[in-house]
Every structure is written in structure tokens, then in C-alpha cells.
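What follows is a set of notes on a single structure, which appears directly below.
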Amino acid sequence: MNHQTAILIIYTGGTIGMIMNSETGVLQPFDFVNINEHIPEIRKFNYKIDSISFDPVIDSSDMEPEIWVRLAHIIEENYESYDGFVILHGSDTMAYTASALSFMLENLFKPIILTGSQLPVGVIRTDGKENLITAIEIAAGSDKGRTIIPEVCIYFDYQLFRGNRTHKDNADYFEAFRSPNYPALAHAGVEIKYNPKAVGRTSGKKLRVLTGMDSNIACLKLFPGIGKNYVKSVLNIPGIKGLILETFGAGNAPTKQWFLEELQNAIKKGLIVFNVTQCRGGSVKMGKYETSMSLQKAGVLSGHDITFEAAVAKMMYLFGNDHSTEQIKKYLQTPLRGEMTI
Ligand code: ASP
């Protein structure tokens, strides 16, 4: 008997399914029935399509690591029964969720496609229809029985990106996401054109779902004039294990003595500091300038070209999964799921 492709849609919320509250005029998440009614085309696919809806559905600004764990469990429980998964998600924190899932799902060999929209499905000019329909097509995609996209991805406005390489770049345009340091995995036009060279390889091993996420991390975004008290208080937040230092350009920071001393002291006390550039494109190159050489000497680790979103997820994942300090330092600087180029 021929295998019928099976897709599971997991609806978490987001603009795609929102409706306007007639009293307040505010957009609020609404249940999946709303999406189903507005996109009857879903039923025309020759696939078995099931859906699971969060209850309550959320605006993705309310996303939490506990919800990532719930998503990872839903995928684990349904992994054998479906060929691909589509996660409907608000665009605001979609890049964080995609990054987190990429780390939590080790040895993934089925497509997990996150999508959403800038306009709700009930609005005539909605981008939600195209996004959802093509995301389903991609999640179902196979070539000679092999999954084309064995990765966690974001599909938005005709482009498919590796999820942990993306960031939300625009709050107004349909083209909401960018992946400045890694090429798109596919472009959807008349045909869906895949870029096989950019797609990650599967390990051939069994899926392992690692759901430990430790959110005892912080970030410190540098700016000219940053004050000592501010830096000191961030570095000394009780219980933090890791700090994302958002640096200038190729990973540079002020050379002021007090700044370096505060950083050195915190690192000596065990804080792991990860250098991620404020630039959306390009990479940290510690040691290229004098202003980053001292960071390197102090024991700051290079985030290379990782996005801020992927750095958050990677730190939470590494601190949450029983690794030694040395392993965490090594893994932070090593690509684990194609999230950085070194
Ligand atoms: N605030 C919405 C959310 O992230 C925006 C969107 O869906 O695009 O849930």
C-alpha cells in the first residue's frame, strides 16, 4: 500500500490566527478553527493533516522555555506517526523557538517548519495563507523517499531559512525574517527551489529529545558611555551562569581598565561570557583589534557569527543538560546544529 504523507500542524498562536477584539480594537490570539475556516485550501492537499492546538493560544511575546519543552515533547510523541511538522507561531519570538528546538532535537531527520504571518488570516491581504500552505508543502517534501529538509526551519514570505540562523528583522513588511550569515534553504516561486548545498545532513542516528533548559543567563549590550554600576550589577546578578556580551563590530569592547577588571573578576568567579556581535551580519573575530584582544585574554568566548537568538537558546540548552564547565565552553564555540560558521 502506498504511504500517505502525514503532517501535524501545531498551533501555538500568533497573528496568523488572531482576531480583533471588537470592544478594545486589540488583536488577540484565537483558536485553530479560525485558521481552518479561512484557509479551506488545506483540505485540498492529498496528505493526512492533523492539528493540535495550544489551549490557551498565545502571543509569542509570552513564549517561555517551558513551552519549548512542551513543543519538543509533542514532536517526540508524534515523531513516528508524521512525516513533517508545521508549527504556527507568532513571528516576534519565532527565531528563539526555532533555535531552541534545533538544539533540543538532536539527530533530527524530519522537517519542523515554523511559520506565521504579519496579517491575520481573516484579513483580505493576509500573508498567512501562502505561508501556511507552502510550509505544509515543504514539511511534506521528499525526494526518492528521503526527507528534503531534515531541519528546524522558518518559512516566511517565500523563503525558507535554517531557524537558528534567523532573526525577526521587520515588524511591518511581509518579509519579516532574515538570515544574514547563512543562505536560504529554499525559495518558493512557481516551484519550490531547494538549495541542497545549504541543507544540513542527518546523522542517521535515532532522535534524542533533550529538554533541559536553564534560563539563568543574562545579556549585556554595550554602548558608548556604559556605566560601571550598570556593568557591575549585570555581572553580579545572583545565580547567573552565562552572559551574552553584545559587542561592537567584529567583537570589540571598551578598553577601559575598570571594564576589563569587572569582566575578569566575574569570569574568575565562574561566569561564562559569550561574545556576540551587535551587527546582524558578519562575525566576531577576537584578536583582530586591540579592543577585542583584551576580551580574549580575559577568557571571553567567541560566538563567531551566531545570532543573539541562537546564543540565548544555546546557552540555556547547554546549561540545562548536565555538561561540565569545560564541555560548555567547548560546545559554545563549536557548531552543534549548523548555528555558526567557524
Ligand atoms: N505579536 C505577534 C506574535 O508574535 C506578532 C506575530 O505573530 O507576527 O505573536
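The values are calculated or read from the model by the stated rules, or taken from the named source; none is laboratory data. Please read all numbers here as calculations on a predicted model, not as lab measurements. No Cβ is skipped: glycine too gets one built from the backbone with ideal geometry, and neighbour counts run over all protein chains shown. Surface accessibility is based on the protein's heavy atoms, side chains included, excluding ligands, DNA and RNA. Shrake-Rupley method; radii C 1.70, N 1.55, O 1.52, S 1.80 Å.
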For the range 110-162, state which trypsin sites (Lys or Arg not before Pro) are in a DSSP loop and have at most 15 other beta carbons lying within 10 Å of their beta carbon. ARG125, LYS144
May I ask you to give the percent of accessible area on the range 1-121 that is carbon plus sulfur, with a probe radius of 1.4 Å? 49 percent
Would you please state which residues of the range 202-229 a label at MET293 would reach in this model, taking the label point 7 Å out along Cα→Cβ and a backbone N cut-off of under 20 Å? none
What's the lysine pair count for the range 165-245 at a Cα cut-off below 22 Å, pairs eight or more apart or interchain? 6
Length gained, GLN4-GLU64, 0.36 nm per residue minus C-alpha separation, equals 18.2 nm
Run a plain Debye calculation on the range 278-342 (Cα atoms as equal point scatterers, no solvent) and give log10 I(q)/I(0) at q = 0.13, 0.28, 0.29 Å⁻¹, rounded to two decimals, same order as the q list. -0.37, -1.30, -1.33
Counting helices only, and only those DSSP H runs with n ≥ 4, report the 222 nm mean residue ellipticity of the chain as the sum of -39,500 (n - 2.57) divided by its residues, in deg cm²/dmol to the nearest 500. -8500 deg cm²/dmol
Could you tell me which of ALA139, VAL273, ALA186 has its Cα farthest along the dipole of the chain towards the positive end, charges placed at Cβ (Lys, Arg +1; Asp, Glu -1), taken about the Cα centre? VAL273
Rg/Rh for the chain to two decimals, with Rh computed the Kirkwood way over all alpha-carbon pairs. 1.00
Treat each spin label as a single point 7 Å out from the Cα along the C-beta direction, and report the ASP322 to LYS256 distance in nm. 4.4 nm
The chain, accessible area per residue, ligands and nucleic acids excluded (1.4 Å, Å²): 47 Å²
Carbon and sulfur together cover what percent of the accessible area of the range 207-280 at a 1.4 Å probe radius? 51 percent
Cβ charges +1 (Lys, Arg) and -1 (Asp, Glu), total dipole of the range 224-342, debye: 180 debye
Starting from the amide H of ASN275, placed 1.01 Å from N in the peptide plane, find each other amide H under 5 Å away whose residue is 5 or more places distant or on another chain. LEU245, LEU301, SER302, GLY303
Lys and Arg at +1, Asp and Glu at -1: add these up for the other residues within a Cβ distance under 9 Å of THR5 and post the number. 0
What does the charge dipole of the range 134-223 about its Cα centre add up to, to the nearest 20 debye, if the Cβ of each Lys and Arg holds +1 and the Cβ of each Asp and Glu holds -1? 580 debye
With unit charges on the beta carbons (Lys and Arg positive, Asp and Glu negative) and the dipole taken about the Cα centre of the range 197-259, which residue among SER233, PHE259, LEU243 sits farthest to the positive side? LEU243
Using alpha-carbon positions, the gyration tensor of the range 123-177 gives root eigenvalues a ≥ b ≥ c; with a/c under 1.5 called rounded, otherwise prolate if a/b exceeds b/c, else oblate, the class is oblate
Placed amide H near HIS167: partners under 5 Å, 5+ positions off or other chain: ARG178
Between SER81 and ASN236, Cβ-based FRET efficiency (R0 56 Å, step 0.05) works out to 0.70
In the range 186-292, which trypsin sites (Lys or Arg not before Pro) fall in coil by DSSP and have 11 or fewer other Cβ atoms within 10 Å? LYS197, ARG201, LYS205, LYS206, LYS269
Can you list the residues, at least 5 places off or on another chain, whose amide H is less than 5 Å from the amide H of ILE52, using H built in the peptide plane? ILE9, ILE10, TYR11
Magnitude of the Cβ-charge dipole of the range 41-155, K/R +1 and D/E -1, about the Cα centre, nearest 20 debye? 520 debye
Report the gain in length on full extension from ASP214 to THR334: 0.36 nm times residue separation, minus Cα-Cα distance, nm rounded to one decimal. 41.3 nm
